[in-house]
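In what follows, a single structure is set out as structure tokens and then discussed.
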């Protein structure tokens, strides 16, 4: 039961991250916080860095939730190959996104890296969505029809 809601929370927070990431990109705020992982002034930034800081904070929360979901899937005795695959890929993609996010900042928004960051984000969303779907099916008896 807990795994279902952990996976669903991961998806909701991930969607929020993608939404604010789109805003950061569209508003041209991608380099408003020029250091990675923290903005100038450390943990709590000035107001000029706040939107990018929010994006990074939600990213850290998302990463934690997705990795915890993957661990939970592997620890759950009812998990089958499909959910293990999607949860593991989601964890791999979230680690890739963190690395790409750092590179995007370090290389001053290089267009190719920004595009790859977006593409991996879409794959991450797909794997997280599938993990949620599979999690809500755990423990339910399959209905077999006879021909």
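FYI, it's all coordinate maths here, none of it is from the lab. Bear in mind that the values here come from a model prediction, so they are computed numbers and not experimental data. Positions of Cβ are backbone-derived with ideal geometry, glycine not excepted, and every protein chain shown enters the neighbour counts.
Available extension along the chain between residue 19 and residue 60 is 13.3 nm, counting 0.36 nm per residue and deducting the alpha carbon span. Projecting the alpha carbon convex hull of the range 1-84 along each direction and taking the average yields 6.5 nm². Remark: relative contact order (the range 2-137) = 34 percent; criterion is Cα-Cα distance under 8 angstrom and separation of 6 or more residues. At a temperature of 10 °C and a viscosity of 1.306 mPa s, determine how fast the range 48-93 diffuses translationally according to Stokes-Einstein, using the Kirkwood radius over alpha-carbon pairs as Rh; express D in µm²/s, rounded to the nearest whole number. D, rounded to a whole number, is 136 µm²/s. Among 16, 47, the ranking by other beta carbons within 10 Å of each residue's beta carbon, starting with the fewest, stands as 47, 16. Available extension along the chain between residue 74 and residue 96 is 5.9 nm, counting 0.36 nm per residue and deducting the alpha carbon span.
Give the angle, between 0 and 90 degrees and rounded to the nearest 10, that separates the Cα long axis of helix 111-137 from the longest principal axis of the Cα atoms of the chain. Relative to the chain, helix 111-137 is tipped by roughly 30 degrees.
Rounded, prolate or oblate: which one fits the range 76-147, using the alpha carbon gyration tensor with axes a ≥ b ≥ c (rounded when a/c is under 1.5, else prolate when a/b beats b/c, else oblate)? Because a/c hits 1.5 or more and a/b exceeds b/c, the range 76-147 counts as prolate. Over the residues of the chain, the helix contribution to mean residue ellipticity at 222 nm works out to -25000 deg cm²/dmol, using -39500 (n - 2.57) for each DSSP H run of at least 4. For the chain, a Gaussian network of Cα nodes joined below 10 Å ranks 98, 66, 116 by mean-square fluctuation, and the top entry is 116.
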